[in-house]
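A short reminder: the numbers here are calculations on the coordinates, not readings from a lab. Keep in mind that this is a model prediction, so the values were computed, not measured. Here the Cβ positions follow ideal geometry from the backbone for every residue, glycine too, while neighbour counts run over all protein chains shown.
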């Protein structure tokens, strides 16, 4: 199952955060937002299909997020958890930790914002259109 978010980069995208990455509906970004990869997202976790959310809550779920912009892409993989809420109406966050809140869409990610391909990050910093594909499989 797959959910797709369309957003755009911003001049302040730095992707330096060591434990999270985020896509937000906000229409601005300050330099302090070092986990944010894209703004003006057209969808949020609260919009995701209930069947998709239920699959992500399976203990055996593998959740993959692919970020694509201006011919560059990178993919990060994490896991699902029964405690994932998918209720936030502002942003989606991937985490390298096991912390869960209403924004969390995957746990124990391979890497956070700082791990994304630097050519992709440069495109995001140039304000490129972004496609974020969130997929779940149960093993």
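Numbers for the structure displayed
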read-out: Approximate spin-label separation residue 59-residue 102, in nm, with each point projected 7 Å along Cα-to-Cβ; value: 2.8 nm
read-out: FRET efficiency, 1/(1 + (r/R0)^6) with R0 41 Å, evaluated for residue 49 and residue 12 via beta carbons; value: 0.85
read-out: For peptides 80-88, 99-107, sequence by mean Cβ density within 10 Å, most packed first; value: 99-107, 80-88
read-out: Mean ellipticity per residue at 222 nm, deg cm²/dmol - from DSSP H runs of n ≥ 4 across the chain, formula -39500 (n - 2.57); value: -3000 deg cm²/dmol
read-out: Whole-number percent relative contact order across region 1-70, with pairs defined as alpha carbons under 8 Å at least 6 apart; value: 32 percent
read-out: Set of region 1-42 residues, backbone N closer than 16 Å to the point 7 Å along the Cα-Cβ line of residue 138; value: 1-2
read-out: Spherically averaged projected area in nm², based on the convex hull that wraps the Cα atoms of region 1-61; value: 4.9 nm²
read-out: Whole-Å semi-axes of the ellipsoid equivalent to the chain (Cα gyration tensor, √5λ, descending); value: 23, 14, 13
read-out: Rel. contact order, % - alpha carbon contacts under 8 angstrom, at least six apart, the chain; value: 36 percent
read-out: Where labels lie 7 Å past Cα in the beta-carbon direction, separation of residue 75 and residue 119 in nm; value: 1.7 nm
